[in-house]
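Structure first, commentary second.
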Amino acid sequence: MSTEHFDICVIGAGPGGYVAALKAAQMGARTAVIEQGNLGGTCLNFGCIPSKALLSSAELLHSVQNARKWGVTVGGEIGFDWSEITQHKNKILRQLRGGIASLFKGRKVTHLAGRGRFERAGRIVVTPGEGAPQTVTADKVIIASGSVPMRIPGWPTDPAMVCTSDEAVHWTSLPQRLLIVGGGVIGCEFACMMQAFGVAVTVVEMLPNLLPTLDHDLGAALLAIFKGRGITCHLETKVEQIEVVSGGTVVRTQLSSGAALEFDRVLVATGRRPNTAELGLDAAGVQATRHGFVPVTDHLETNVAGHYCIGDANGRCMLAHAASAHGVVAVENALGHAKPFTAPIPSAVYTFPEVAAVGLTEQEAREQGLPIAIGRFPIGHLGKAMAARHPDGFVKMIRHRETDQLLGAHMIGQNATECIAAATALLHKKASLHDVAETVWAHPTISEAIKESAEDALNMGLHLPPRKVIRAAVGG
Amino acid sequence: MRSITLPPLAGGAAAATVVRWLKQPGQGFSAGDALVELEIEDALVRLEAAGAGTLTRILAQPRQTVRPGADLAQVTDSGTSQPPSQQPSSPSESHVTRQQPTAVAGTPANVTPILMPQAGNTMEEGTLISWKVAEGDRIQVGQVICEIETDKATIEYESPDEGRLARIVVREQETVPIKEPIALLADNDADADAYLAARGTAAQETTAPGAVAVSSAPGAAAAPSAAAQRMPSGPAPVTAGGRIKASPAARKLAQERGVDLSRMGAGRGPEGRILSSDVATAQVGASVAGDGQSVRRPMSKMRRAIGLNLQKSKQTVPHFYVRLTINAEPLFAYYRARKPQTNCTLNDCVVLAVGRAMAECPSVRSQIHGDEIVEFPHANIGIAVGVDEGLVVPVVRSVETLTLTQLAAETKRVVENARHGKLENIGHGNFTITNLGMFGVEEFGAIINPPESGILALGAMREAVTVEAGAIRTGRVMTMTLSADHRLVDGLLAARFLGRLREILENPSGELS
């Protein structure tokens, strides 16, 4: 068995691993990346990209269905061609995978196809689908093995009936009645998309809010929009029983609310678990939590020197762009810098309207007992939003009352995922709310709402009624 | 030299941050002058001087966050100190942003509704105080057309559109939810009436499909809009099933207001169907005509405030009740003995005893603010006073530090002021005493006045037969019922507190001297 030595070996070629490999190569390291599946990981193959490809068709369909609102008449039958939509999706996935492969080639990154498993620290056996295993050794190892969707133990396992997002982004046909278990980001995106494709969607969420990890006002606003579209949401509800009946064509469920409902398909979107069980972490001495997450220092290093863990596998923030950002910092640290990871990570939810957030939520700020002021601005007050007939949503800014520092920004509205970039940059640079308010924002844009809500948080808003003034007599 | 402290904050905010001082050390101020501006999460707080004085030293600097009860500055009194005038949240002027009328399904293009504006995030409904224009007037954009009262302020509403005011939909003193039409702009009245009729129909279709059986008698199919213009004078039409034809919105409103649809006559909807607007305008006449006795009038602000406050209390504060009957002979004797020198009432004696018991019981001198407990150094006791329109609760501060003479005088003063509309020390109370004994009520349980810890309900001092150490005795007794907020006071504490109060009241000459 041949043994090849590298300066850096990356396990996994998702958005964390492939970026880490490119960064390592850019910095002059001899780099290998181990990937058993397609390049691009969950993001490219089962997540961000395929779902956005489907969503773009769903959103257009939604617009065409409502074209009359814009004074546009559409003749004939409005419909869609699912196979055309999935072909477009598959095409861009191939393009992007090819893109990563050529980036690897351009920087001379060695791609080892197969499953990586530690033999000991710094030594990994790569087992390809076909052919002989190969052993590699490396001075530094970056674990970027990502995560997989959670399945619920005891539930039917037929992936055609009870699916996760892995299957759902590659559905070849659509159900008529879909149950989505979990009202988080994935659940809400699919609910929105599937409703536009004419699927009767029911969302069941255990917690009292949609998008429970984000600021609660966002979930509440999205809930109102979903209700208006006819998406049924059962909050604070559990699926108590689930069985496939009628010869495997119908899923019968019993909810904790007592409702007994039948569906053609079920999408389980209750979260993701780290993909670390098969890595042989024990052999390397790398510690993991009971759930399989690999704890890391602020420098993204595990308990074993020279072994780093980035992205979903470390459980710090399970988002593609977090993994990429981790990847760059971990490589820099591996190659001799000492740089903690501190950048704020934005969240983006691709419903329509979109939801985006960065920094502390109101609830988190409260829990920390911070003296905060909250600024809000309804997107519907903006000229651009009115003109474009996209008045739903708001921006909410959290300000530290003593330091004036921006603590968090939360948005729901058209283009929110683009607008949040501005707030993220300001937060990263530790801007004060005065900095935000003094920045000039182009008119007419949706991002003006960021400035307006910042002014509101400073009691300086011009386009809102004056803030409530509470008067009290003292010293009597 | 004394300090001014941050009073408890509206909405239970835990802390406020100083924005700026409007008076500087050395500067004098008179009653009503704004001293300092602070901010909480979603509002500004402006503290105004209750009396005249001079600011000597600022203790809470700008950008400093302080909690209720914290000292903000030191002041010296100058001249006569006036009784503080209480303005918990005097209506500040607010400007209403222009509301774009939201399209109603099937809005005829030639009718523009003017909607109840949402002046502020929390506003849910508004009361039309007065119309400044009349039906038939031409109105301009920005012209003040009416005055609207919100939960916080009275505002002048500027028209968001121009045109001819065809119909006033909401009359003066009526309250409607935000975004409901209050008036219609249209060049001719028929369009406006057709719009109103269509709204009734739309409400039926969207809220309860198939809930109302619409007669399909031949010939009655097409209701011409001209026919819908005026209120037909006949009786309300009835469906084949005997149900009065009315829109679901009208039924709901009628139920809420106790209007009997069967006594209403035909409405302005198609085929005389009763619409919600018919119910709204017909309410007084219909009910008076109904039984000739009942009179309907809007709730006063005070009744509404009492209602909201106590409803919120009963729904959100975990009340529990502890009751105890005391031997009131010693108390009665004490009262009779002290009355000539102190001019006290029996109630004053009990208030003083409660103040002394509270001094030993920190949980009872506390308020609850969100997840935090604010413990006060003193027993600040509210005294429930019945007035014509309802009930007010002026507060006497630091009761435990007063002598009976001082307490009697202070209580008399705050109660007198309360009867004349001046409420003192609102928000500082941590406990309330309510007494229906003078009406012979034996015992009752009261609702806590949030954010206070509890309320003590006093029954009448009455003669009763009691058993003491196996012997039957007659004498005066009094029953007291403590309602306590379980988040602040547990059962054991409540029992100890009442037990201590009994000790004091059964030995007043020893304990209260």
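Derivation of every value follows stated rules applied to the coordinates shown; laboratory data play no part. Values in this document were obtained by computation on a predicted structure and should not be read as measured data. All Cβ positions, glycine included, derive from the backbone under ideal geometry; neighbour counts span all protein chains shown.
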What is the gain in length, in nm to one decimal, between A:Q87 and A:D139 on full extension, counting 0.36 nm per residue of separation less the C-alpha to C-alpha distance?
-> 14.5 nm
Pulled fully out, how much extra length does the chain show between B:V467 and B:K314, if you take 0.36 nm times their separation in residues and subtract their Cα-Cα distance?
-> 51.5 nm
Taking alpha-carbon centroids only, segment A:162-237 lies from segment B:373-414 a number of Å equal to 55
Which residues qualify? For A:F6, with a placed amide H closer than 5 Å and at least 5 residues away or on another chain, they are A:T137, A:A138, A:D139
Using +1 at the Cβ of each Lys and Arg and -1 at the Cβ of each Asp and Glu in the protein assembly as shown, identify which of A:A387, A:P371, B:P237 lies farthest towards the dipole's positive end.
-> A:P371
With the charge dipole of chain A built from beta-carbon charges (+1 for Lys and Arg, -1 for Asp and Glu) about the Cα centre, the Cα from A:A313, A:S173, A:N459 projecting farthest to the positive end belongs to A:N459
Where in chain A are the DSSP H helices whose alpha-carbon span along the long axis reaches 15 Å or more and whose Kyte-Doolittle mean is at least 0.5?
-> A:48-65, A:185-196, A:216-229, A:320-334, A:416-428
Exposed trypsin sites (Lys or Arg not before Pro) being those in a DSSP loop with at most 14 other Cβ atoms within 10 Å, the longest stretch of chain A free of them is A:109-237
Quick one: of the DSSP bridges fully inside segment A:19-142, what percent are antiparallel, nearest 5?
-> 70
Answer in debye to the nearest 20: the dipole magnitude of segment B:303-511 about its Cα centre, from +1 Lys/Arg and -1 Asp/Glu charges placed on Cβ, is 380
What is the Cα centroid distance between segment A:1-30 and segment A:245-296, reported in whole angstrom?
-> 30
Put in order of increasing Cβ neighbours within 10 Å, starting from the fewest, B:V322, B:V395 give B:V322, B:V395
Could you please rank B:K23, B:K252, placing first whichever residue has the fewest other Cβ atoms within 10 Å of its Cβ?
-> B:K252, B:K23
Lys/Arg Cβ at +1, Asp/Glu Cβ at -1, dipole of the protein assembly as shown taken about the Cα centre: which of A:V469, A:V64, A:A325 is farthest positive-ward?
-> A:A325
For B:I447, B:I433, ascending order of other Cβ atoms within 10 Å (fewest first) is B:I447, B:I433
Given charges at beta-carbon only (K, R positive; D, E negative), |dipole| of chain A in Debye | 460
Nearest 5 is fine: what % of DSSP beta bridges in segment A:151-261 come out antiparallel, could you say?
-> 50
Total charge dipole magnitude, segment B:2-77, about the Cα centre, Cβ charges on Lys, Arg, Asp, Glu only, Debye to nearest 20 | 240
Scan segment A:62-134 for GluC sites (Glu not before Pro) in coil per DSSP, keeping those whose Cβ has at most 16 other Cβ atoms within 10 Å, and list them by number.
-> A:E77, A:E130
Debye intensity ratio I(q)/I(0), log10, segment B:403-513, q values 0.10, 0.15 Å⁻¹ (C-alpha model) | -0.39, -0.87
Computed helical MRE - 222 nm, chain A, DSSP H runs ≥ 4 contributing -39500 (n - 2.57), nearest 500 = -9000 deg cm²/dmol
Surpassing 21 Å at the alpha-carbon level, of the pairs A:K23/A:K140; A:K396/B:K312; B:K339/B:K412; B:K301/B:K422; A:K238/B:K314, are A:K396/B:K312; A:K238/B:K314
Looking at chain A, what % of its DSSP beta bridges pair antiparallel, to the nearest 5?
-> 60
